[in-house]
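The values are calculated or read from the model by the stated rules, or taken from the named source; none is laboratory data. Predicted model, so just to flag it, every value in this text is computed and none were measured. We place every Cβ from the backbone using ideal geometry, glycine too, and count neighbours over all the protein chains shown.
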Amino acid sequence: MDNKFPGKDISLEDLKSKFPLSAKKNKNHKSKFKIAGVEFGGSKIPIFAGPNMVESKSLILDVAKNVKKIGADFLRGGAFKPLTFPYRSKKYNETREEGIEWLGIAKKKYNIPVITEVMEEKFLPMICEVADILQIGSRNMQNYPLITACAKTQKPLMIKRHYGSSLRDWLGSAEYALVEGNKKVILCERGVSVPHTHRSTSRFLIDLQVVPAAQEVTHLPIVVDPSHATFWRQWVNSMSLASVASGADGIMLEVHPDPENSAVDPLQPIDYNEFKYLMKKMHSVAKASHNRKIL
């Protein structure tokens, strides 16, 4: 269990001693489990869709109704929404406890399971009453006390990769959840920090190579978030299709009825019509590339 030769890439010793629970037992080892009736690791590729932030009750109800009708499996939305800087625009209104309540209403009214981010352990009991999946944001990927607390609830976890972390670091975070006996852990790629991102408004570059790389060494499902990774709605379509073709086990998308006027990150959400079109295209790519399905 020593660490004589630490590195950024994964060694055979890492698989045995650093994250044995995350590591594959053999080349065919792949976790399959259901969350709210939705299977992960099977022929169906689950889709998460919704706004970056739960802006209002009317908005989240409208989004839940439409993404469910189009074919989304989970409603995503942040009630506790971290930003890079502490300053807020006039439009921004972190809805917090009220936002969680609205997610619960939308979940019940439209029979759609919910994923939302956990920022602080003290809000876990309230969030667990509503959320079907607890999201660990990229900023908290190595907040091990928070991951441990979330894992102990036995609620499924999605761990978003920090934009500066290696696959080795990412699996280490997953191990903190698995060691608590929580077997429903999902990994989510959401872009990495690199010198160039091809336009000034894009902060990250989507790392699709990590999908097959991760699937070589771990049995855990790998989800991709093209919205946050590209930070540019014109690229979301092509990168979503590429994510499916890469073998992703799920896709997370930012969907908003009025993308340009969304309270947070208005450059990246797609609207309902774009989402409907993209769902059909992803289904075609999933079937052609891996004999899987979206719809």
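Here is how the numbers come out for the structure above:
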quantity: Positions within region 263-277 being surrounded by fewer than 22 Cβ atoms within 10 Å (Cβ to Cβ) and either touching a residue at least 24 places away in the same chain (Cβ under 8 Å) or among the hydroxyl-bearing types (Ser, Thr, Tyr) (or both), in sequence order; calculated: Val264, Asp265, Leu267, Tyr272, Glu274, Lys276, Tyr277
quantity: Region 71-90, subset surrounded by fewer than 16 Cβ atoms within 10 Å (Cβ to Cβ) and in contact (Cβ under 8 Å) with a residue 60 or more places away in the chain, residue nearest to Val118 (Cα to Cα); calculated: Leu83
quantity: Residue within region 57-70 that is in a loop (DSSP other than H, G, I, E, B) and either polar (S, T, N, Q) or surrounded by 13 or more Cβ atoms within 10 Å (Cβ to Cβ) (or both) present; calculated: no
quantity: Hits in region 183-225 (condition: hydroxyl-bearing (Ser, Thr, Tyr) and either under 22 Å from Lys34 (Cβ atoms) or assigned to a helix (DSSP H, G or I) (or both)); calculated: Thr218
quantity: Restricting region 9-55 to residues that are of a type in the set (Ser, Thr, Tyr) and modelled with pLDDT of 95 or more, the residue that is surrounded by the most Cβ atoms within 10 Å (Cβ to Cβ); calculated: Ser22
quantity: Subset of region 159-183 [surrounded by fewer than 19 Cβ atoms within 10 Å (Cβ to Cβ), over 16 Å from Asn140 (Cβ atoms) and in contact (Cβ under 8 Å) with a residue 60 or more places away in the chain]; calculated: Ser166, Arg168, Val179, Lys183
quantity: Complete set of residues in region 71-91 that are in contact with a strand residue (DSSP E or B) (Cβ under 8 Å, 6 or more places away or on another chain), outside any strand (DSSP E or B) and more than 25 Å from Lys280 (Cα to Cα); calculated: Ala79, Phe80, Lys81, Pro82
quantity: Scan of region 123-143 for residues that are surrounded by 15 or more Cβ atoms within 10 Å (Cβ to Cβ) and out of contact with any Pro (no Cβ under 9 Å at 6 or more places or on another chain), ordered by number; calculated: Phe123, Leu124, Met126, Ile127, Cys128, Val130, Gln135, Ile136, Ser138, Met141, Gln142, Asn143
quantity: Hey, Lys280 in contact with a Lys or Arg (Cβ under 7 Å, 6 or more places away or on another chain), surrounded by fewer than 16 Cβ atoms within 10 Å (Cβ to Cβ) and either among the aromatic types (Phe, Trp, Tyr) or at pLDDT 95 or above (or both) or not; calculated: no
quantity: Qualifying residue in region 181-196 (condition: hydroxyl-bearing (Ser, Thr, Tyr) and modelled with pLDDT under 95); calculated: yes
quantity: Residue within region 138-157 that is in contact with a Leu (Cβ under 6 Å, 6 or more places away or on another chain), assigned to a loop (DSSP other than H, G, I, E, B) and under 22 Å from Arg76 (Cα atoms) present; calculated: yes
quantity: Pairs, first at positive phi in region 103-115, second surrounded by fewer than 23 Cβ atoms within 10 Å (Cβ to Cβ) and at pLDDT 95 or above, C-beta under 8 Å, six or more apart; calculated: Asn111/Lys68
quantity: The one condition in (1) over 26 Å from Ile222 (Cα atoms); (2) at pLDDT 95 or above that Ile70 fails to fulfil; calculated: (1)
quantity: In region 14-41, the residues that are of a type in the set (Asp, Glu) and in contact with a helix residue (DSSP H, G or I) (Cβ under 9 Å, 6 or more places away or on another chain); calculated: Asp14
quantity: Test result for Ser58, touching a residue at least 24 places away in the same chain (Cβ under 8 Å), among the hydroxyl-bearing types (Ser, Thr, Tyr) and within 29 Å of Asp271 (Cβ to Cβ); calculated: no
